[in-house]
Amino acid sequence: MVKIAPSILSADFGNLYEDIAKVEKAGADYLHIDVMDGHFVPNITIGPLVVEALRSKSSLVFDIHLMIENPDIYIPAFANAGADIITVHAEACIHLHRTIQNIKSHGVKAAVALNPATSLDILEYVLNDVDMVLLMTVNPGFGGQKFIDGSLNKIQKLRDIVNSRGIDVEIEVDGGINLNNVKEVVDAGANVIVAGSAIFGSTDVEKTIRNFKELVI
Ligand code: DX5
Ligand code: ZN
């Protein structure tokens with residue numbers, strides 16, 4: 001089953017609870033929370049305090065996308081704040097295997113994200129240890145960017161590898177996904193769809209989520 005993960009980066013931060021309640025009511029599966037530190041990416045967003053505050057208001061799966069340097073330092077704080085899945089960027093981890101074990105040691109699902117320019121090869125020796133791989137389909141840092149077309153091929157390649165290993169690893173895609181290209185992305189092999197501006201930038205958030213779900217059945 002394909003899952004929809006609205007990214008709150010494009011939500012109204014002055015009315016975050018209301019926006020989250022809308023996507024939850026509309027049947028979203030994961031809540032994608034983008035954490036940026038102004039170093040790994042040129043933007044700053046939210047930290048564990050906000051995640052903790054949202055936790056008491058929502059029962060969605062909290063999918064925390066860490067776009068930060070030295071993620072190991074902050075993994076305990078995000079786990080305690082209520083993360084269900086923590087994703088780290090391979091490019092930010094010197095000891096990626098150790099970082100994955102660190103996430104799991106907190107009872108949280110572990111995922112690895114790859115920037116558009118990063119090869120799938122880096123997954124070779126960790127793929128069997130993760131619950132999910134996040135393929136960036138834009139360069140991380142901002143919502144509302146254009147989907148990088150060459151990404152479809154990368155999604156397909158990863159799907160083939162996951163299937164040939166016979167492992168249960170989700171493939172999440174993030175960046176520039178909308179109602180016009182979501183089907184192609186799912187056909188290529190993705191099963192968790194992040195969408196920020198396409199959902200929160202639409203006039204009817206609940207209807208847009210329902211439209212996404214209809215397209216990926
Ligand atoms: C970008 C973030 C994304 C972003 C996606 O660095 O990781 O999650 O919110 O936004 P859209 O769907 O607008 O490209
Ligand atoms: Zn993200």
Self-check item: Selection within the stretch 1-57 - part of a strand (DSSP E or B) and over 14 Å from the mean Cα position of the chain (by Cα)
Solution: Asp37, Ile44
Quiz item: Do you know which residues across the stretch 64-94 are buried (at least 19 other Cβ atoms within 10 Å of the Cβ), over 21 Å from Leu120 (Cα atoms) and away from ligand 1 (no atom under 16 Å from the Cβ)?
Solution: Tyr74, Ile75, Ala79, Ala81
Practice problem: Would you check if there is a residue in the stretch 136-156 being touching a His at 6+ places or on another chain (Cβ under 7 Å) and among the hydrophobic types (A, V, I, L, M, F, W, C)? | Solution: no
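Residue-by-condition table, conditions (1) among the basic types (Lys, Arg); (2) within 16 Å of ligand 2 (Cβ to nearest atom); (3) closer than 24 Å to Val88 by Cβ:
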| site | (1), (2), (3) |
| --- | --- |
| Asn15 | no, no, no |
| Lys22 | yes, no, no |
| Gly47 | no, yes, yes |
| Val61 | no, yes, yes |
Exercise. Using the structure shown, decide if Leu114 is within 16 Å of ligand 2 (Cβ to nearest atom) and at negative phi.
Key: yes
Exercise. Working carefully through the options Val205, Val173, find the one that is more than 18 Å from the chain's Cα centre (by Cα) and within 19 Å of Ser10 (Cβ to Cβ).
Key: Val205
Quiz prompt | Subset of the stretch 166-217 (residues that are polar (S, T, N, Q) and part of a loop (DSSP other than H, G, I, E, B)) | solution = Asn178, Asn180, Asn181, Asn191, Ser202, Thr203
Quiz item: Looking at the stretch 16-59, which of its residues are away from ligand 1 (no atom under 16 Å from the Cβ), without any contact (Cβ under 8 Å) to a residue 60 or more places away in the chain and under 24 Å from Ile209 (Cβ atoms)?
Solution: Tyr17, Glu18, Ala21, Glu24, Ala53, Arg55, Ser56, Lys57, Ser58, Ser59
Practice problem: Output yes when any residue across the stretch 186-197 is within 24 Å of Asn43 (Cβ to Cβ), within 13 Å of ligand 2 (Cβ to nearest atom) and without any contact (Cβ under 8 Å) to a residue 60 or more places away in the chain, and no when none is. | Solution: no
Self-check item: Condition met for Thr87 (outside any loop (DSSP other than H, G, I, E, B) and of a type in the set (Ser, Thr, Tyr))
Solution: yes
Exercise. Among the residues of the stretch 182-209, write down those that are surrounded by fewer than 17 Cβ atoms within 10 Å (Cβ to Cβ) and over 14 Å from Pro6 (Cβ atoms).
Key: Lys183, Glu184, Asp187, Thr203
Exercise. Report, ordered by the first and then the second residue, all pairs with beta carbons closer than 9 Å, sequence separation of six or more or different chains, a first member in the stretch 125-141 that is within 8 Å of Asp174 (Cβ to Cβ) and part of a loop (DSSP other than H, G, I, E, B), and a second member that is away from ligand 2 (no atom under 16 Å from the Cβ) and of a type in the set (A, V, I, L, M).
Key: Thr137/Leu152
Quiz item: Do you know which of the residues in the stretch 96-113 that are outside any helix (DSSP H, G or I) and more than 17 Å from the chain's Cα centre (by Cα) is surrounded by the fewest Cβ atoms within 10 Å (Cβ to Cβ)?
Solution: Gly107
Quiz item: Has the stretch 164-177 got at least one residue that is in contact (Cβ under 8 Å) with a residue 24 or more places away in the chain, surrounded by fewer than 18 Cβ atoms within 10 Å (Cβ to Cβ) and within 12 Å of ligand 1 (Cβ to nearest atom)?
Solution: no
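Taken together, the values in this text are just the output of simple stated rules run on the coordinates, not laboratory data. What you see is a predicted model; the values in this text were computed from it and never measured. Glycine gets a Cβ as well: all are built from the backbone with ideal geometry, and neighbour counts include every protein chain shown.
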